[in-house]
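Worksheet for the structure shown next.
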Protein chains: 2
Amino acid sequence: MTAVTSPKRADARRNIEAIIEAATNLLAVDPDASVQDIAKAAGVGRVTLYGHFDSRTALINEVATRAIAQTEEALRDIDLDGDPRDAMARLIDATWLLTHRFGGVVVAAGQALPPEELRRAHEEPAARARALLERGRAEGRFRTDLPVEWQITTIQAVLHAASGAVHRKEISAADAPRLVNATILAALAGAD
Amino acid sequence: MTAVTSPKRADARRNIEAIIEAATNLLAVDPDASVQDIAKAAGVGRVTLYGHFDSRTALINEVATRAIAQTEEALRDIDLDGDPRDAMARLIDATWLLTHRFGGVVVAAGQALPPEELRRAHEEPAARARALLERGRAEGRFRTDLPVEWQITTIQAVLHAASGAVHRKEISAADAPRLVNATILAALAGAD
DNA sequence: CCTATCATGGACAGGACCGTTCGAGAAAGG
DNA sequence: CCTTTCTCGAACGGTCCTGTCCATGATAGG
């Protein structure tokens, strides 16, 4: 399909990248950002945007697809062996960056995209966490008196809360990883 | 201002209550619910709604005001003395019900109302939690290596996550209090 | 029973956003 | 340098929501 010589002109490709970049940034702050705003932030006319993306939904789809790809790539190399708590700390550190960058995109996608595609995007990282969680539970390092799915929900909630707090400037981006990690690990590990 | 004899007709008052009730329920699920939808859910014409509320914002304001009043009333009687963890458990139990019922209203209010009024609504319950939290920290029952404000953010995040999970039918409303309590207390209390 | 009060649907203006079309003009790239 | 490709702004139709007006009809309550 794709020829060896790039089928699109250079400025077109640059604009496409700028649009996706701008969309990612804007949607992270406001999932309801308009196409108008995204185009403006990308330094591009609205019509130009529609020249590259059939619809707002198509744009969000593309942004989400890239976010998923980057997420999977970033999480693929995380070492999940060893002490489950240490491994969870590594996983959370990596996930934090992704949540902070793409959290709003997920919300936007959730309003605009069919649930199936979205479910798949959530399921992949969740499965990774689930496997680690279950190993830690089996080894007695994580509490077992709460459902695994609820624990995953908790992890996501704390991550999103931290992202929101950073956007609201309640905490700094530098502090966030430590807070998130300490909070989640305590919630997972500690019973009375 | 208000005379002894009710200034409004009986059916008018009934409709007003129905509208507020419907708005509370709808906004809890979808903070962007339209006036149209709210009126329909209340079994009332849209024009009738506008007869009682000047604007969508005014309606949300009224709904939020009631939510705040109910919240303060419900939290006023909570005994915050004794073991900080036990007291926190009581506070969380009460707050859970309110979060689950009014969580969406707060989101809707956040989009439609000026921030000052909203800040006040959040500050009152937060102050209660903060005081208890600080006492527990001073008594060595809660960890002190995380900022108090972050701990409050965590509490709110877990509560909202549970509410969302119940709406999504991932967990049952009956299980939620236990999960929320166990999770939050572990996050607050447990270090390594 | 009678009147003031309220409910109601239709219709309308105003605004926001989406998606499309057109024509003119700029830039890429062979 | 010249053609293909892309950009851009203006403008338009469509949808959806808010808020308002009006005329008709029901109902409460004295």
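The values are calculated or read from the model by the stated rules, or taken from the named source; none is laboratory data. What you are looking at is a predicted structure, and each value in this text was computed from that prediction instead of being measured. Here the Cβ is made from the backbone with ideal geometry for all residues, glycine too, and neighbour counts use every protein chain on show.
Summary of computed values
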{"read-out": "Any pair with Cβ under 6 angstrom, 6 or more apart, that starts in the range A:108-135 at a residue that is touching a residue at least 24 places away in the same chain (Cβ under 8 Å) and within 21 Å of A:Ile20 (Cα to Cα) and ends at one that is hydroxyl-bearing (Ser, Thr, Tyr) and surrounded by 13 or more Cβ atoms within 10 Å (Cβ to Cβ)", "value": "A:Ala112/A:Thr57"}
{"read-out": "Given (1) modelled with pLDDT under 95; (2) within 30 Å of A:Ala131 (Cβ to Cβ); (3) within 11 Å of DNA strand C (Cβ to nearest atom), index of the condition A:Ile60 fails", "value": "(1)"}
{"read-out": "Answer residue from the range A:14-57, given it is under 17 Å from A:His100 (Cα atoms) and small (Gly, Ala, Ser) and is nearest to DNA strand C (Cβ to nearest atom) among those", "value": "A:Ala23"}
{"read-out": "Residues located in the range B:124-135, provided they are modelled with pLDDT of 95 or more and either part of a loop (DSSP other than H, G, I, E, B) or within 14 Å of chain A (Cβ to nearest Cβ) (or both)", "value": "B:Arg130, B:Leu133"}
{"read-out": "Residue tally, condition under 23 Å from A:Asp30 (Cα atoms) and surrounded by fewer than 22 Cβ atoms within 10 Å (Cβ to Cβ), over the range A:137-155", "value": "0"}
{"read-out": "Enumeration of residues in the range B:140-159 that are within 8 Å of chain A (Cβ to nearest Cβ), assigned to a helix (DSSP H, G or I) and among the aliphatic types (A, V, I, L, M)", "value": "B:Ala157, B:Val158"}
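Residues are listed down the side, and each one gets a yes or a no for (1) more than 7 Å from every other protein chain (Cβ to nearest Cβ); (2) assigned to a loop (DSSP other than H, G, I, E, B); (3) of a type outside the set (Asp, Glu):
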residue	(1), (2), (3)
B:His122	yes, no, yes
B:Ala161	no, no, yes
B:Lys169	yes, yes, yes
B:Asn181	yes, no, yes
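To keep it simple, each residue is scored yes or no on (1) surrounded by fewer than 16 Cβ atoms within 10 Å (Cβ to Cβ); (2) closer than 19 Å to A:Val107 by Cβ; (3) modelled with pLDDT of 95 or more.
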position	(1), (2), (3)
A:Thr2	yes, no, no
A:Pro7	yes, no, no
A:Ala10	yes, no, no
A:Glu17	yes, no, yes
A:Ala22	no, yes, yes
A:Ala28	no, yes, no
A:Ser34	yes, yes, yes
A:Lys40	yes, no, yes
A:His52	no, no, yes
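Here's the yes/no breakdown for (1) farther than 21 Å from A:Leu133 by Cβ; (2) out of contact with any Lys or Arg (no Cβ under 8 Å at 6 or more places or on another chain); (3) in contact (Cβ under 8 Å) with a residue 60 or more places away in the chain:
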{"position": "A:Arg9", "(1), (2), (3)": "yes, yes, no"}
{"position": "A:Arg13", "(1), (2), (3)": "yes, yes, no"}
{"position": "A:Glu17", "(1), (2), (3)": "yes, yes, no"}
{"position": "A:Asn25", "(1), (2), (3)": "yes, yes, no"}
{"position": "A:Val35", "(1), (2), (3)": "yes, no, no"}
{"position": "A:Leu49", "(1), (2), (3)": "yes, yes, no"}
{"position": "A:Thr65", "(1), (2), (3)": "yes, yes, no"}
{"position": "A:Ile92", "(1), (2), (3)": "no, yes, yes"}
{"position": "A:Val106", "(1), (2), (3)": "no, yes, no"}
